[in-house]
Amino acid sequence: MTLADGPSLRSPRTLAVARSFGRRARHYAEHAHLQRHAARALADFVLEQGGLPGTGLVAEIGCGTGLLTELLHQPGRPYLATDLSPEMLEQCRQRLGRRGDLSFAVLDGQQACFAIPPAAIVSNLTCQWFADPVAGLAGLARLTPCLAFSVPLSGSFPEWEAAFAELGRTSGLLPLPEEGEVLAALEALRPARLVHRVEARRQHFPNALAFADSFRLIGADQPRPGYSPSAIRPVLRRFADGLDTTARILYCMIMREGL
Ligand SMILES: C[S@@+](CC[C@H](N)C(=O)[O-])C[C@H]1O[C@@H](n2cnc3c(N)ncnc32)[C@H](O)[C@@H]1O
């Protein structure tokens with residue numbers, strides 16, 4: 001075993017996140033449009049930066065059904081696909097398990113700990129689910145000479161947030177990490193190289209329900225901690241004729257020496 005996971009240390013929140021994704025695992029790939037786009041964009045970004053360094057293990061945090069896995073796994077190079085949700089991992093295993101050099105493990109990325117540092121850690125649109133995404137990303141960067149990831153940023157979906165703010169409320173969407181805070185935490189590790197880009201990904205939804213479904217149907221609908229649901233009829237009315245909204249996505253690669 002190359003890694004240690006601590007299921008007994010999982011918080012109720014982490015268990016709820018795992019259950020939400022698990023419930024939707026079988027149909028996740030049909031609805032994961034933003035995730036499929038970001039997986040491709042992250043893989044392209046990694047390639048533009050010269051690819052994943054070294055020849056040793058690549059470990060993926062939050063592989064889901066394997067949208068990034070299938071793009072980054074290369075025959076002959078060991079690749080460990082991990083996810084908090086056993087059901088998501090099982091979908092990944094069913095789709096990609098016949099490939100050689102690919103192994104699977106249930107793992108809470110917040111507790112990742114490898115006996116031998118992986119040559120690279122990769123992750124697509126997952127670390128926003130950590131209790132502290134900024135500290136979690138910096139923690140992953142400490143475990144490897146190369147961390148390549150994407151994460152949605154604060155400032156995403158502003159039209160939705162504004163509709164709730166006008167009602168004097170905050171939406172149930174996850175609070176997302178600030179770009180500056182993520183980059184500052186990674187800079188503090190004194191990397192040999194830190195490269196990033198931010199994409200503003202515009203999406204159209206026919207109405208508010210379709211927007212909410214884009215989270216619900218992939219299991220990404222655990223509301224932010226402390227959210228108490230109440231009627232959202234004014235929000236539904238406001239977007240009855242459609243909602244154009246933007247996800248801000250950070251693609252980043254950090255290279256460190258001396259591990
Ligand atoms: C939005 S999905 C992205 C999945 C995949 N990376 C993709 O691009 O399709 C988020 C994934 O993160 C997993 N996840 C959530 N919290 C996690 C954690 N603390 N550690 C590892 N995986 C986690 C979920 O189970 C889910 O599979």
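The values are calculated or read from the model by the stated rules, or taken from the named source; none is laboratory data. The structure presented is a predicted model; accordingly, all values stated were derived computationally and were not measured. Note that each Cβ is placed from the backbone with ideal geometry, even for glycine, and that neighbours are counted across all protein chains shown.
Go through (1) outside any loop (DSSP other than H, G, I, E, B); (2) within 18 Å of the chain's Cα centre (by Cα); (3) charged (D, E, K, R) and name the single condition ASP221 misses.
(1)
Just wondering, is there one or more residues in segment 194-215 that are among the hydrophobic types (A, V, I, L, M, F, W, C), at pLDDT 95 or above and assigned to a loop (DSSP other than H, G, I, E, B)?
No, segment 194-215 contains no residue that is among the hydrophobic types (A, V, I, L, M, F, W, C), at pLDDT 95 or above and assigned to a loop (DSSP other than H, G, I, E, B).
Kindly evaluate THR82 against the criterion of being of a type in the set (Val, Ile, Thr), farther than 23 Å from ARG224 by Cα and within 9 Å of the ligand (Cβ to nearest atom).
Answer is yes for this residue.
Among (1) more than 14 Å from the ligand (Cβ to nearest atom); (2) at pLDDT 95 or above; (3) of a type outside the set (S, T, N, Q), where does ARG99 come up short?
Only one criterion is unmet by ARG99, namely (2).
Among (1) surrounded by 19 or more Cβ atoms within 10 Å (Cβ to Cβ); (2) aliphatic (A, V, I, L, M); (3) within 16 Å of the ligand (Cβ to nearest atom), there is one condition VAL182 misses while meeting the rest; what is its number?
Only one criterion in (1) surrounded by 19 or more Cβ atoms within 10 Å (Cβ to Cβ); (2) aliphatic (A, V, I, L, M); (3) within 16 Å of the ligand (Cβ to nearest atom) is unmet by VAL182, namely (3).
What are the residues in segment 29-39 that are assigned to a helix (DSSP H, G or I) and within 10 Å of the ligand (Cβ to nearest atom), if any?
Result: ALA29, LEU34, GLN35, ARG36, HIS37, ALA38, ALA39.
Report those helices (runs of 4 or more DSSP H) wholly inside segment 59-175 carrying at least 1 residues which are within 17 Å of GLY219 (Cβ to Cβ) and touching a residue at least 12 places away in the same chain (Cβ under 8 Å).
Output list reads 86-96.
Consider GLU87 against the criteria (1) near the ligand (Cβ under 10 Å from one of its atoms); (2) within 17 Å of PHE215 (Cα to Cα); (3) out of contact with any Cys (no Cβ under 8 Å at 6 or more places or on another chain): it satisfies all of them except one. Which criterion is unmet?
Failed condition: (2).
Would you confirm, using the coordinates I've provided, whether GLU48 is near the ligand (Cβ under 9 Å from one of its atoms) and either within 29 Å of PHE157 (Cα to Cα) or in contact (Cβ under 8 Å) with a residue 24 or more places away in the chain (or both)?
no
If you go through segment 226-238 one residue at a time, do you hit one that is assigned to a loop (DSSP other than H, G, I, E, B), at pLDDT 95 or above and aromatic (Phe, Trp, Tyr)?
No, segment 226-238 has no match at all.
Which residues, taken from segment 46-58, are of a type in the set (Val, Ile, Thr) and part of a helix (DSSP H, G or I)?
Scanning segment 46-58 gives a single hit, VAL46.
Taking the criterion of being within 11 Å of the ligand (Cβ to nearest atom), of a type in the set (Gly, Ala, Ser) and either surrounded by 17 or more Cβ atoms within 10 Å (Cβ to Cβ) or under 23 Å from GLU70 (Cβ atoms) (or both), would at least one residue in segment 9-16 satisfy it?
Scanning segment 9-16, I find no residue that is within 11 Å of the ligand (Cβ to nearest atom), of a type in the set (Gly, Ala, Ser) and either surrounded by 17 or more Cβ atoms within 10 Å (Cβ to Cβ) or under 23 Å from GLU70 (Cβ atoms) (or both), so the answer is no.
Return only the number of the condition from (1) modelled with pLDDT under 95; (2) under 15 Å from the mean Cα position of the chain (by Cα) that LEU153 does not satisfy.
Of (1) modelled with pLDDT under 95; (2) under 15 Å from the mean Cα position of the chain (by Cα), only one is false for LEU153: (1).
Which of the residues that make up segment 185-208 are under 24 Å from ARG237 (Cα atoms) and exposed (fewer than 14 other Cβ atoms within 10 Å of the Cβ)?
Scanning segment 185-208 gives ARG202, HIS204, PRO206.
Every residue in segment 191-212 that is among the charged types (D, E, K, R) and without any contact (Cβ under 8 Å) to a residue 60 or more places away in the chain, please.
ARG202
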